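Colleague: This is the structure I have questions about; it appears just below.
The values are calculated or read from the model by the stated rules, or taken from the named source; none is laboratory data. Quick caveat: nothing in here was measured; it's all calculated off a predicted structure. A quick note on method: Cβ atoms are made from the backbone with ideal geometry, for glycine too, and the neighbour counts reach across all protein chains shown. All accessible areas refer to the heavy atoms of the entire protein, side chains included, with ligands and DNA or RNA removed. Shrake-Rupley method; radii C 1.70, N 1.55, O 1.52, S 1.80 Å.
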Amino acid sequence: MGGLRRLEYRGYDSAGVVIDKNNADLAVVKTAGRLDRLAAALELEPLPGNTGIGHTRWATHGRPNDVNAHPHTDCQGKIAVVHNGIIENYQELRERLEAEGHSFRSETDTEVIPHLIEDYYEGDLAAAVRRALQDVRGSYAVAVMHENHPGTIVAARQDSPLIIGLGQGENLLASDIPAVLDYTRDVLVMDDGDVAVLQAGAVSLTDLDGHPRSREPMHVQWDAAMAEKAGYPHFMLKEIHEQPRAIRDTLTGRLASIPVQVAQGATNGHQRLVRLEGVHMGAGELADVHSVQVIACGTAAHAGWVGKHVIEQLARIPVQVEVASEFRYRDPMVDEHTLGVVISQSGETADTLAGLREARRRGSRILAITNVVGSSVAREADDLIYTWAGPEIAVASTKAYVTQLVTLDLLALWMAERLGRLEPAQGLAVAKAIRELPRAVEQALALEPQVQALAQQIRHKEHIFFLGRGLDHALAMEGALKLKEISYIHAEAYAAGELKHGTLALVEEGTPVVALVTQPRLAEKMVSNIREVKARGAYVIVVAPESQELAGQEADAFLPIPETLDLVAPAVAVVPLQLLAYYAAVARGCDVDKPRNLAKSVTVE
């Protein structure tokens with residue numbers, strides 16, 4: 001149950017466990033709703049035993065209820081299965097199995113798996129699992145138990161994360177590392193096509209055909225306490241306050257404190273400012289890149305829009321940004337001269353992985369930006385940059401977004417240096433601004449009391465608009481997403497210059513408008529846009545450096561952020577937007593860490 005609580009961010013509309021009860025019958029308990037309901041049920045029906053599997057669900061097939069909750073069993077109740085992912089051909093499999101006499105209880109796609117295993121079982125559980133999964137099309141992380149095999153769990157993965165914790169006299173299985181850290185820091189990361197057999201004293205790996213596979217264990221350095229709330233009321237607030245530390249960790253070893261001369265043969269004798277340990281592109285390969293295609297979803301895509309501006313300005317390479325769920329279906333114009341930059345906090349986002357594979361199929365080199373060591377995105381990329389944000393538990397991403405921004409800043413600087421397109425003075429100015437970001441974010445966090453008071457003023461509003469130009473428009477998209485996903489206030493981001501083309505029709509007396517003014521060359525235009533909405537009765541909240549006095553004077557509420565270089569300002573200006581979303585959600589009584597209908601790691605398309 002402790003492990004499930006650490007994984008509840010992946011889904012939380014129902015939950016269940018199955019225990020090999022004293023090496024006899026399999027006992028299943030499952031309930032709709034949060035884990036607390038399952039815990040209450042287990043208090044009434046304790047399940048003694050040393051082998052079990054559990055699951056928290058995010059519904060894809062069938063409503064969240066007791067019947068559709070995992071685990072699912074076969075006709076005789078001897079086989080129990082939990083599953084993350086989607087079985088794409090479940091309907092045809094179900095029809096086939098029903099025609100053979102199998103009886104289904106749930107509406108889920110998962111239930112076909114135990115029935116397939118039942119069909120193929122001839123005394124060897126692992127062989128039956130392997131054979132069953134060869135009939136399956138889709139994504140899965142599965143764990144299987146059988147009444148005839150006490151003390152054994154069989155697990156397999158395809159496009160959904162699964163790790164094995166190697167303990168002393170015990171072994172553990174989970175879809176993310178924090179679930180096992182109370183017991184071990186030695187972890188095997190399963191790969192696509194792996195099938196594992198776990199017993200208390202042994203773990204073996206094969207492929208779907210039964211051929212042995214081997215994986216080197218990794219030792220997890222971060223502490224289990226990093227996945228706890230550390231006294232904060234919510235993980236989201238904790239993670240907002242962890243951002244200065246996360247940025248420092250992301251910069252460690254990558255940004256020179258005192259620039260050193262580049263090695264012979266590097267770019268035109270410029271000073272080397274950035275070292276990216278996982279990026280292996282040579283100068284010739286980089287020069288052969290004609291364009292960059294960013295592939296990402298949600299918050300990571302918003303980071304990509306910021307990265308587009310920075311890469312184009314510094315490295316002078318055209319950048320396209322596309323949400324991954326659209327990219328793979330539109331015959332994208334990418335080829336061997338395109339660098340695919342894939343961004344995913346978890347490294348397991350299904351649409352992003354599909355986009356990565358489509359770009360690679362068309363000849364693109366892939367550079368991944370991810371937070372999770374050993375994730376699918378990390379393993380499949382040609383080049384890799386870890387963000388080192390640490391575990392992010394809240395569904396609404398904060399520190400992962402900021403470290404993605406910082407990583408994209410580093411990437412842009414790295415590319416510009418090696419392409420010889422960076423004036424030394426400009427490079428030093430950007431490097432200095434990046435290096436000072438942790439301090440600037442700490443100063444921005446001091447706005448918390450002011451933002452908390454503002455949240456009380458907007459808590460009953462139905463609509464809020466975010467405005468910005470250039471980089472600020474890219475940031476506005478993230479500010480609007482944060483607010484709507486956790487407070488359920490409808491929020492939209494607009495390019496401020498588009499107001500007069502329709503958006504002004506939505507502004508009326510008292511409508512909150514958040515105006516971002518961090519780009520000095522666009523400040524005068526933004527002030528005009530602020531006046532446009534004020535003339536229609538808007539209540540304007542301005543986020544800008546203190547030097548933007550005119551914008552501040554026009555504001556109904558002014559949130560002054562520390563002065564920083566305009567290229568890196570989004571990493572600072574996002575802090576009050578995150579805090580506004582958080583405190584608005586708290587004021588409205590929302591479940592901040594687990595917003596409705598959402599899950600942390602979206603491992604289904």
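Colleague: For the chain, what does -39500 (n - 2.57) per DSSP helix run (n ≥ 4), summed and divided by total residues, give at 222 nm, in deg cm²/dmol to the nearest 500?
Modeller: Details: 20 runs with 209 residues, N = 605.
Per the formula, -10500 deg cm²/dmol.
Colleague: How high is the FRET efficiency from residue 170 to residue 95, r the C-beta distance, R0 56 Å, rounded to 0.05?
Modeller: E between residue 170 and residue 95, to the nearest 0.05, is 0.85.
Colleague: Counting pairs of alpha carbon atoms under 8 Å apart in space and at least six apart in sequence, what relative contact order in percent does the chain give?
Modeller: On the way: 1342 pairs, mean separation 69.7, N = 605.
Reported relative contact order: 12 percent.
Colleague: Toward the positive end of the charge dipole of the chain, about the Cα centre and with charges on Cβ (Lys, Arg +1; Asp, Glu -1), which of 470, 198, 319 goes farthest?
Modeller: 470
Colleague: Another question about this same structure. Assuming 0.36 nm per residue, please report the length gained on full extension of the stretch residue 252 to residue 76 beyond their Cα-Cα distance.
Modeller: Between residue 252 and residue 76, full extension yields an extra 57.8 nm.
Colleague: Run through the range 486-545 and list the GluC sites (Glu not before Pro) located in a DSSP loop whose Cβ has at most 11 other Cβ atoms within 10 Å.
Modeller: For GluC sites (Glu not before Pro) across the range 486-545 that sit outside H, G, I, E and B with at most 11 neighbouring Cβ atoms in 10 Å, the list reads 508, 509.
Colleague: Ok, one more. Among the GluC sites (Glu not before Pro) within the range 389-480, which fall in a DSSP loop and have no more than 10 other Cβ atoms within 10 Å of their own Cβ? Provide the component values of the computation, followed by the final result.
Modeller: Working: sites: 392, 417, 436, 442, 462, 478; in loops: 392, 436, 462.
Hits after loop and neighbour filter: 462.
Colleague: Rounded, prolate or oblate, given the Cα gyration tensor of the range 107-189, with a/c below 1.5 counting as rounded?
Modeller: Note, shape of the range 107-189 comes out oblate.
Colleague: Assign one of three labels to the range 474-599, namely rounded, prolate or oblate, based on the Cα gyration tensor with a ≥ b ≥ c the square roots of its eigenvalues; rounded applies when a/c is under 1.5, prolate when it is not and a/b is larger than b/c, and oblate otherwise.
Modeller: In terms of gyration-tensor shape, oblate.
Colleague: Compute the distance from the alpha-carbon center of the range 562-576 to that of the range 161-214, in whole Å.
Modeller: Spelled out, the Cα-based centre of one part sits 42 Å from the other.
Colleague: Would you please give the FRET efficiency between residue 500 and residue 547, computed as 1/(1 + (r/R0)^6) with r the Cβ-Cβ distance and R0 = 30 Å, to the nearest 0.05?
Modeller: 0.65
Colleague: Under the classification rounded if a/c is under 1.5, otherwise prolate if a/b is larger than b/c and oblate if not, where does the range 24-104 fall, given a ≥ b ≥ c as square roots of the Cα gyration tensor eigenvalues?
Modeller: oblate
Colleague: When the accessible area of the chain is split by element with a 1.4 Å probe, what percent falls to carbon and sulfur?
Modeller: The computed percentage sits at 48.
Colleague: For the chain, compute Rh as the Kirkwood radius over C-alpha pairs and then the Stokes-Einstein diffusion coefficient at 25 °C and 0.890 mPa s; write the answer in µm²/s, rounded to an integer.
Modeller: Calculated translational D: 96 µm²/s.
Colleague: Another one. Please give, to one decimal in nm, the separation of the simple spin-label points placed at residue 291 and residue 214, each 7 Å out from Cα toward the Cβ.
Modeller: 4.5
Colleague: With every protein chain left in place, what is the accessible area per residue of the chain in square angstrom, probe 1.4 Å?
Modeller: I get 39 Å² per residue for the chain.
Colleague: Amide H neighbours of residue 539 under 5 Å, counting only residues 5+ apart in sequence or on other chains, H built in-plane at 1.01 Å?
Modeller: The list, which skips near neighbours in sequence, is 510, 511, 513.
Colleague: While we're here: With labels modelled as points extended 7 Å from the Cα through the Cβ direction, what inter-label distance (nm, one decimal) is found for residue 521 paired with residue 450?
Modeller: Using points 7 Å along Cα→Cβ, the separation is 2.8 nm.
Colleague: Follow-up. Within the range 454-496, list the residues whose amide N lies under 20 Å from a label point set 7 Å along Cα→Cβ of residue 535.
Modeller: Taking a point 7 Å out along Cα→Cβ of residue 535, the residues of the range 454-496 whose backbone N falls under 20 Å are 465-469, 494-496.
Colleague: Measuring from label point to label point, each 7 Å out along Cα→Cβ, what is the residue 23 to residue 462 span in nm?
Modeller: For residue 23 paired with residue 462, the spin-label model returns 6.5 nm.
Colleague: I've got another one for you. Could you work out how much longer the chain between residue 103 and residue 202 gets when fully extended? Use 0.36 nm per residue separation minus the Cα distance between them, nm to one decimal.
Modeller: Length difference between fully extended and current span is 32.2 nm.
Colleague: Order 20, 36, 207 by their accessible area, 1.4 angstrom probe, all chains in place, largest first.
Modeller: Sorted descending by solvent-accessible area, the residues read 36, 207, 20.
Colleague: Using alpha-carbon positions, what is the distance between the centroids of the range 400-477 and the range 30-94, in Å?
Modeller: 42
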